[in-house]
Amino acid sequence: SAVLQASLGAARGLGVPVDVSLGPVASGVSVEWSAVMKALTSFGGADGVVLETFVRGRDPVDAVRACRSGWGGRLVACLTPGPGGLLWDGDDPAPWLAAARAAGATSVGFNCGPGVVAAALRCPVDRVKPNCADAEHDALIAALPTLIAGGLREVGGCCGTGPPELARIIRGLA
């Protein structure tokens, strides 16, 4: 749309990278990722693509493989862990994130869900985006020094996170 093109132009003028988020995708749903990526590249504006909110480990690995065939730019893969930091089926996320990285993800992480911080503490990642729950943000703020020492480079918020929550996280970085 014209509004989206104008927004992308403004971001580019400020030197701000633009990532397009794709997700969630329900487990077992077949997605023609290469067609999605062709549409994005023909749209012409994304610096990066974030594949996120996957609850099963193999799903982002398959998506990264398919997307990599048509996308040479930044490609992020994020899992959504359950309580305690494991995936919803009980799997350890670490081997799946390693597989996503091996398949071509330039960055891996966790988003949404009640176990983002717990998962990141068990399995170092590049990116975390917890939802707006106060307890999850409190846990993130407390864990930031450990997570940053482990390689965390990107912090944000997912569902329901707005300026007040982001301000709390930023204060936690100070």
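The values are calculated or read from the model by the stated rules, or taken from the named source; none is laboratory data. What you see is a predicted model; the values in this text were computed from it and never measured. Quick reminder, even Gly has a Cβ in these numbers, built from the backbone with ideal geometry, and neighbours come from all protein chains shown. Ligands, DNA and RNA are stripped out before the accessible areas are found, and what is left, the full protein with its side chains, is counted by its heavy atoms. Shrake-Rupley method; radii C 1.70, N 1.55, O 1.52, S 1.80 Å.
Worth a mention:
- Protection-proxy order for peptides 73-84, 91-102, each taking the mean of Cβ atoms within 10 Å per residue, highest first: 73-84, 91-102
- For residue 75, residues with placed amide H under 5 Å, excluding near neighbours: 49, 106, 107
- Here the Karplus relation 6.51 cos²θ - 1.76 cosθ + 1.60, evaluated at θ = phi - 60°, turns the backbone of the stretch 56-66 into coupling constants of 10, x, 6, 4, x, 5, 4, 5, 4, 4, 5 Hz, with x for every Gly and Pro.
- 1.4 Å probe accessible area per residue over the stretch 107-169, in Å²: 40 Å²
- Karplus-derived HN-Hα couplings along the stretch 93-109 (A = 6.51, B = -1.76, C = 1.60, θ = phi - 60°), whole Hz, x at Gly and Pro: x, 4, x, 6, 5, 4, 5, 5, 5, 5, 6, x, 5, 7, 8, 10, x
- The phi-based Karplus calculation (6.51 cos²θ - 1.76 cosθ + 1.60; θ = phi - 60°) puts the 3J(HN,Hα) values of the stretch 79-90 at 9, 10, x, x, x, x, x, 8, 5, 4, 8, x Hz, whole numbers, x for Gly and Pro.
- Spacing of the modelled spin labels on residue 170 and residue 154, each 7 Å from Cα toward Cβ, amounts to 1.9 nm.
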